[in-house]
Amino acid sequence: MKKLILSLLIGGIVTAGVFAAPSTPSTPSTGSGTAGTTGSAGSTGSVAVVYFSATGTTERMAKDAAKAMGADIFEIQPVQKYSDADLNWHDKKSRSSIECNDPKSRPAIANKIDIAKYDTVILCYPIWWAYAPKIVYTFVESQNWNGKKLVTLCTSGGSKLGRSGSDLAKFAKGAYFKGGKDFTRGSGADIKKYVEGALK
């Protein structure tokens, strides 16, 4: 009888131990794009720098911004890359000219970018004919902007930021547009100072 009771007690302890064992947490998946380190800067919360660059100029500015802000960085990659001929603004029949003159143009993006976990998004792009390239609109319209802060930064060979930032913000439904600035010239520290000031 004692042996039976002892066996039942041991069995109960083992069973309890099995059910009490903690489960192994799942490993979060890495996001698409070229990721840096997630960080926070002042009141910005978690920050993502998202950029489109056809010639490399905006890419340099975006990387400076991400480094200075301690942000993750993602590149908007077109399905069809832009050639020199595509970017010829002297040619009214070039791809970029046609896209910019078509309000409904939304060039396809090759990679998936998810901004869900970020509080602030710094959107970087070149100025084409006084506005952001239409592929940037494709990105903006593909995201959920509810409650997020949006700052736009641009590079330009002649035109300034103009209304490009506020125009993009119209398509970022639910976002708090905090302004934008031309940073064709300027350091990462300059960008950080501007962004933190804009977010106050």
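Derivation of every value follows stated rules applied to the coordinates shown; laboratory data play no part. For clarity, every value in this text was computed on a predicted model and none was experimentally measured. As a convention, Cβ positions derive from the backbone with ideal geometry for all residues, glycine included, and neighbour counts pool all protein chains shown.
Cross-link reach is defined here as a Cα-Cα straight distance under 15 Å, omitting same-chain residues fewer than 8 places apart; for Lys192 the aspartates and glutamates meeting it are Asp64, Asp72, Asp182. Take the Cα of Lys193, go 7 Å toward its beta carbon, and the backbone nitrogen atoms of the stretch 58-88 under 20 Å from that spot belong to 61-71.
Report note on the peptides 46-58, 119-131: ranked by the mean count of other C-beta atoms within 10 Å, highest first, their order is 119-131, 46-58.
Each of Phe183, Phe74 was scored by other Cβ atoms within 10 Å of its Cβ. Arranged with the fewest first, they read Phe183, Phe74.
Overall form of the stretch 31-198: prolate. Here a/c, set by the Cα gyration tensor axes a ≥ b ≥ c, is 1.5 or more, and a/b is the larger of a/b and b/c. With a Förster radius of 25 Å applied to the beta-carbon distance between Gln77 and Ser105, the computed FRET efficiency rounds to 0.90.
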